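Chemist: Would you mind keeping the following structure in view while I ask a few things?
The values are calculated or read from the model by the stated rules, or taken from the named source; none is laboratory data. Everything quoted here is computed from the prediction, not taken from an experiment. We place every Cβ from the backbone using ideal geometry, glycine too, and count neighbours over all the protein chains shown. Remember, those area values only see protein heavy atoms, side chains included, never the ligands or the DNA or RNA. Shrake-Rupley method; radii C 1.70, N 1.55, O 1.52, S 1.80 Å.
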Amino acid sequence: MQYTIFHIDVNSAYLSWEATYRLQQQVSCVDLRTIPSIIGGDESKRHGIVLAKSIPAKKYGIKTGESLFSARQKCPSLVIVPPNYKLFMKCSDAMVSIFKEYFPLVERYSVDECFLDYTNMSHHFGSPIQFAHYLKNKIQKELGFTVNIGISSNKLLAKMASDFEKPNKIHTLFPDEIQEKMWSLPVRDLFMVGRATNNKLMKLGIYTIGQLANSDPDLLYAHFKSHGYLIHAYANGTATAIVKPCSPEAKGIGNSTTISFDVTDSRTAKLILLSLTETVCMRLRDSNMIAKMVSISIKSHDFVSLSHQMNLTESTDITSNIYKAACTLFDEAWNKEPIRHLGVRVSSLTSKSYTQLSLFDFDNYEKHTALDESIDKIRLRYGNTSIIRASFLYSGLRPLNGGMPEENYPLMSSLL
DNA sequence: TCTGGGGTCCTAGGACCC
DNA sequence: TCTGGGGTCCTAGGACCC
């Protein structure tokens, strides 16, 4: 079976979306995409990293993920704009609705990337390249931003293709083009070769995707275990996953935050854990799931991370129960180092409809569930801060912490 | 690095059992 | 205990993605 797969990637997504919005709202007549600019977090809250960059900013050597401090050193005139996640969701949704006009199968890989299956659609819409141009132009005309489209016979190659020259370009990377278009690239450009793997590969004398493709899989296994086989297959353009019709069930739900100051006392740390647990549990209840595993993570002021987890005796979605577990975990794990970052996550999720309640706990469960439900409803109607725990009063801390995506995206998997 | 926040997947090592 | 080996389960940490 020969597939035709599209991978759509919004060019500098956050930055393009903000630029488009500003032009449409006539906030400014400057197009952020044409000047050195970035979307960046708030340094005073210690969130100061580059989230997206314009092409002119890239020319200064500015990279996604680097600190704003270092970005500004590379380009003193850099324009820095805070992120507007609600806007980003809207733009993403608008793009997906365009795809859904034509494609029964839209796999939303992330907020700014989709896979589409064009197999057997040529007799309706023309050749893949023709239709990709039509789609790209339609998005630009109706929504105001540009995308790259990669076309191939599987998801991996389509994704690699969309990463070639940018912006506003269409590329193919069919199996017979792999040698010519992919093998000369640095191995770091291959999907699933990150910094650590890249460093190890370089020590083995493997610098290009072609060298990786032609190296001995057993040697790779010896150094990288199963990941070695994976990247060897990817370097050869082999991947088997199909475009998924809908989002897979989430495996876990977590929120974490970098605190604007170092936390040195457990009372403050636990308040922050509560604010994180509140959002985690709201999302958990919203997805109609219950969790058996609770984990916390702590990053200290000197960037040393640790985590700790426990299985509950029974799955739950009750805020106070999960918070209790988080506190126990924190007390066991914290080594009294000043804390920069805290996280709460639940996993081992099952559908709530299969809940089995122990007889002893039934009253308690009913009471807590009724409370959580009422709080969720009030927050939904009057806003998230309309009802907060008394312990947050005068604490100077946010009563709810962590982003809550309005829609759950299918999540990224290394298997393409 | 003046270094975010949301995820998934894999593995080494320890506990426990036979 | 001057002792084996194998299987399974759990945990913490680290790799990767956007």
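Chemist: Each residue of the range A:62-76 in turn: what ³J(HN,Hα) in whole Hz from Karplus with 6.51, -1.76, 1.60 and θ = phi - 60°, glycine and Pro shown as x?
Modeler: 6, 10, 4, x, 7, 6, 4, 4, 6, 4, 5, 5, 6, 8, x
Chemist: Between beta-carbons, use under 15 Å as the cut-off and find the net charge around A:SER391, counting Lys and Arg +1, Asp and Glu -1.
Modeler: +3
Chemist: Heads up, I need the accessible area for A:LYS100: 1.4 angstrom probe, whole protein in place, Å², nearest 10.
Modeler: Result for A:LYS100: roughly 130 Å² accessible.
Chemist: Here's something else I'd like to know. Could you give the angle, 0 to 90 degrees to the nearest 10, between helix A:226-235's Cα long axis and the longest principal axis of the Cα atoms of chain A?
Modeler: It works out to around 30 degrees.
Chemist: Could you give me the ³J(HN,Hα) list for the range A:161-178, computed from phi with Karplus coefficients 6.51, -1.76, 1.60 and θ = phi - 60°, whole Hz, x at Gly and Pro?
Modeler: For the range A:161-178, the Karplus-derived couplings read 5, 5, 8, 5, 3, 10, x, 6, 10, 10, 10, 10, 8, 7, x, 6, 9, 4 Hz, x marking Gly and Pro.
Chemist: Keeping all protein chains in place, calculate the accessible area per residue for the range A:110-219 (probe 1.4 angstrom), answer in Å².
Modeler: With all protein chains present, the range A:110-219 gives 47 Å² per residue.
Chemist: Here's a follow-up. Computed from the mean reciprocal separation of all distinct C-alpha pairs, what Kirkwood hydrodynamic radius does chain A have, in Å?
Modeler: 24.1 Å
Chemist: So, one more: Given A:LYS169/A:LYS299; A:LYS45/A:LYS324; A:LYS90/A:LYS367, which pairs have Cα atoms separated by over 30 Å? Don't jump to the answer; show the numbers that get you there.
Modeler: Details: A:LYS169/A:LYS299 41 Å; A:LYS45/A:LYS324 27 Å; A:LYS90/A:LYS367 37 Å.
As for pairs spanning more than 30 Å Cα to Cα, those are A:LYS169/A:LYS299; A:LYS90/A:LYS367.
Chemist: FRET efficiency for A:GLN2 and A:ASN84, Cβ-Cβ distance as r, R0 = 51 Å, nearest 0.05?
Modeler: 0.75
Chemist: For A:LYS367, A:LYS181, give the ranking by accessible area with the largest first, probe 1.4 Å.
Modeler: In descending accessible area the options line up as A:LYS367, A:LYS181.
Chemist: Quick check: with the 1.4 Å probe, what order do A:MET182, A:MET310 take by accessible area, largest first?
Modeler: Details: A:MET182 0, A:MET310 60 Å².
Ranking A:MET182, A:MET310 by accessible area, largest first, yields A:MET310, A:MET182.
Chemist: On full extension of the chain, what length is gained from A:LYS74 through A:CYS29, given 0.36 nm per residue of separation minus the C-alpha to C-alpha distance?
Modeler: Extra length available between A:LYS74 and A:CYS29 comes to 13.7 nm.
Chemist: In addition: Given the rule -39500 (n - 2.57) for each run of at least 4 DSSP H residues, summed and divided by the residues of chain A, what is its mean residue ellipticity at 222 nm, to the nearest 500 deg cm²/dmol? Please report the intermediate quantities before stating the final value.
Modeler: Working: 15 runs with 162 residues, N = 416.
One gets -11500 deg cm²/dmol as the mean residue ellipticity at 222 nm.
Chemist: Can you compute 3J(HN,Hα) from phi for each residue in the range A:14-26, using the Karplus curve 6.51 cos²θ - 1.76 cosθ + 1.60 with θ = phi - 60°, rounded to whole Hz and x for Gly and Pro?
Modeler: Result, ordered by residue: 4, 5, 4, 5, 5, 4, 4, 4, 5, 5, 5, 7, 6 Hz.
Chemist: Anything over 22 Å Cα to Cα? Flag those among A:LYS74/A:LYS181; A:LYS159/A:LYS244; A:LYS63/A:LYS100; A:LYS100/A:LYS136, in the order listed.
Modeler: Long pairs (Cα-Cα over 22 Å): A:LYS74/A:LYS181; A:LYS63/A:LYS100.
Chemist: In addition: Can you list the residues, at least 5 places off or on another chain, whose amide H is less than 5 Å from the amide H of A:ILE170, using H built in the peptide plane?
Modeler: A:ILE149
Chemist: Taking a ≥ b ≥ c as the square roots of the eigenvalues of the Cα gyration tensor of the range A:15-84, is the shape rounded (a/c under 1.5), prolate (a/b larger than b/c) or oblate?
Modeler: Oblate, since a/c reaches 1.5 and b/c is not below a/b.
Chemist: What is the percent carbon and sulfur in the accessible area of chain A, measuring with a 1.4 Å probe over the protein chains and ignoring ligands?
Modeler: 54 percent
Chemist: With the cut-off at 1.5 for a/c, could you classify the range A:182-235 from its C-alpha gyration tensor as rounded, prolate or oblate?
Modeler: rounded
Chemist: Still on this model: Could you tell me the distance between the Cα centroids of the range A:82-160 and the range A:1-55, to the nearest Å?
Modeler: With the range A:82-160 and the range A:1-55 each reduced to a Cα centre, they are spaced 17 Å.
Chemist: Only Cα pairs under 8 Å and at least 6 apart count here; give the relative contact order of chain A as a rounded whole percent.
Modeler: Worked out over chain A, it gives 15 percent.
Chemist: Moving to a separate point now. Using a 1.4 angstrom probe and counting only protein chains, how large is the accessible area of A:GLU113 in Å², to 10?
Modeler: So the heavy atoms of A:GLU113 present about 30 Å² to solvent.
Chemist: May I ask you to compute the full-extension gain from A:GLU249 to A:MET202, defined as 0.36 nm times their residue separation minus their alpha-carbon distance, rounded to one decimal in nm? Could you put the intermediate results ahead of the total?
Modeler: Values: separation 47, 0.36 × 47 = 16.92 nm, distance 3.72 nm.
The span from A:GLU249 to A:MET202 would gain 13.2 nm if fully extended.
Chemist: Here's a follow-up. Quick one: ranking A:ARG188, A:ARG33, A:ARG381 by accessible area, 1.4 Å probe, largest first, what do you get?
Modeler: Ranking A:ARG188, A:ARG33, A:ARG381 by accessible area, largest first, yields A:ARG381, A:ARG188, A:ARG33.
Chemist: For A:ARG267 paired with A:MET192, estimate the spin-label separation in nm (one decimal), with each label point 7 Å from Cα along the Cα-to-Cβ line.
Modeler: Roughly 5.1 nm, to one decimal.
Chemist: Leaving out ligands, DNA and RNA but keeping every protein chain, what accessible area does A:TRP183 have, in Å² rounded to the nearest 10, with a 1.4 Å probe?
Modeler: Estimated to the nearest 10 Å², A:TRP183 gives 50 Å².
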